[in-house]
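First up is the structure itself, then whatever we jot down about it.
The values are calculated or read from the model by the stated rules, or taken from the named source; none is laboratory data. Worth saying up front: this structure is predicted, and the values here are computed from it rather than measured. All Cβ positions, glycine included, derive from the backbone under ideal geometry; neighbour counts span all protein chains shown.
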Amino acid sequence: MRDVFADLVLGGTCVGCDRPGQPLCRPCAETLPSRAHASWPSPAPSGMVTPWSPAAYDGLVRSMVVAHKERRVLALRRPLARLVAAGVAAAVPVDGEVVLVPVPSRPGSARARGHDPTDAITREAARLLRREGYAARRVRLLVSRGAVADQAGLDAAARAANLAGSMYCPTARLRRVAGRRLHFVVCDDVLTTGATVREAQRALEAVGLGVVGVATAAATRLRRPP
Ligand SMILES: [Zn+2]
């Protein structure tokens, strides 16, 4: 709240360098990567499709994710979406139709924040990809059942157990993508253990949808090929 107040009264500062003005100044924006690479967590969840991400989750990108999520600095949505879009572009062929599927927020958490940051970034990423010529759209196919404990503080195995079966694709939503040959990419803001996106992949595959990759704005640093 104090930060929001400061932004309103004093004007904002760049989340990267504290320069007064835009939430992301041009010099900082120019340091952001534009190409994604495979960013496997270690250990990777069994059967996981390739996760693509352009950035490590630290420094500037971490500040951007946190400010967008917790302080609703909405001007950061587009640069974050650009990072996710780079991941999607790496995951799919340019001539295919691609559906970006945001990881669903836990019931209550989007309401508590007043926005759903992952969905907002995913929707913007689809828009940026369309501008680059991709047949891309974001469809919110997945729902979280809830009753999932907070993931913070859980190790990889505990996270996977906590999340197993926690997401599903309701029939009414599935109809929106029925009868077409589409590439599905699971989208999230940050990849940590991979448990969350792996559960989203499982829930999509459980209703027969072909998941070709995972795209995130950033991945935690511990990474190594599987
Ligand atoms: Zn800056």
### Query
Hey, any hits in region 58-70 for a residue that's among the charged types (D, E, K, R), under 23 Å from Val177 (Cα atoms) and away from the ligand (no atom under 16 Å from the Cβ)?
no
## Note on the structure
Residue pairs qualifying under the 8 Å Cβ cut-off, at least six apart or on distinct chains, with the first in region 146-162 being at positive phi and surrounded by fewer than 14 Cβ atoms within 10 Å (Cβ to Cβ) and the second being at pLDDT 70 or above and among the hydroxyl-bearing types (Ser, Thr, Tyr), are Gly146/Ser166; Ala147/Ser166
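Name the residue that is farthest from the ligand (Cβ to nearest atom), counting only residues in region 71-91 that are among the small types (Gly, Ala, Ser) and within 11 Å of the chain's Cα centre (by Cα). Steps first, answer last, please.
Step one: of region 71-91, the residues among the small types (Gly, Ala, Ser) are 75, 81, 85-87, 89-91.
Narrowing the set further to residues that are within 11 Å of the chain's Cα centre (by Cα) leaves 81, 85, 87.
Values: Ala81: 19, Ala85: 21, Gly87: 23 Å.
Here the residue is Gly87.
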#### Entry: Cβ-Cβ under 9 Å pairs, at least 6 apart or on other chains, region 56-82 side acidic (Asp, Glu), far side crowded, with 19+ Cβ neighbours inside 10 Å and assigned to a helix (DSSP H, G or I)
Glu70/Pro117
### region 9-39 - residue that is at pLDDT below 95 and of a type in the set (A, V, I, L, M, F, W, C) and, of those, nearest to the ligand (Cβ to nearest atom)
Leu10
### Query
Which of (1) within 15 Å of Val88 (Cβ to Cβ); (2) among the basic types (Lys, Arg); (3) at pLDDT below 90 is the odd one out, the single condition Arg137 does not satisfy?
(3)
### Query
Looking at region 93-116, is at least one residue at pLDDT 95 or above, on the phi < 0 side of the Ramachandran plot, touching an Asp or Glu at 6+ places or on another chain (Cβ under 7 Å) and among the polar types (S, T, N, Q)?
no
### Message
It is to be established whether one or more residues within region 157-178 are at pLDDT 95 or above and among the β-branched types (Val, Ile, Thr).
### Response
no
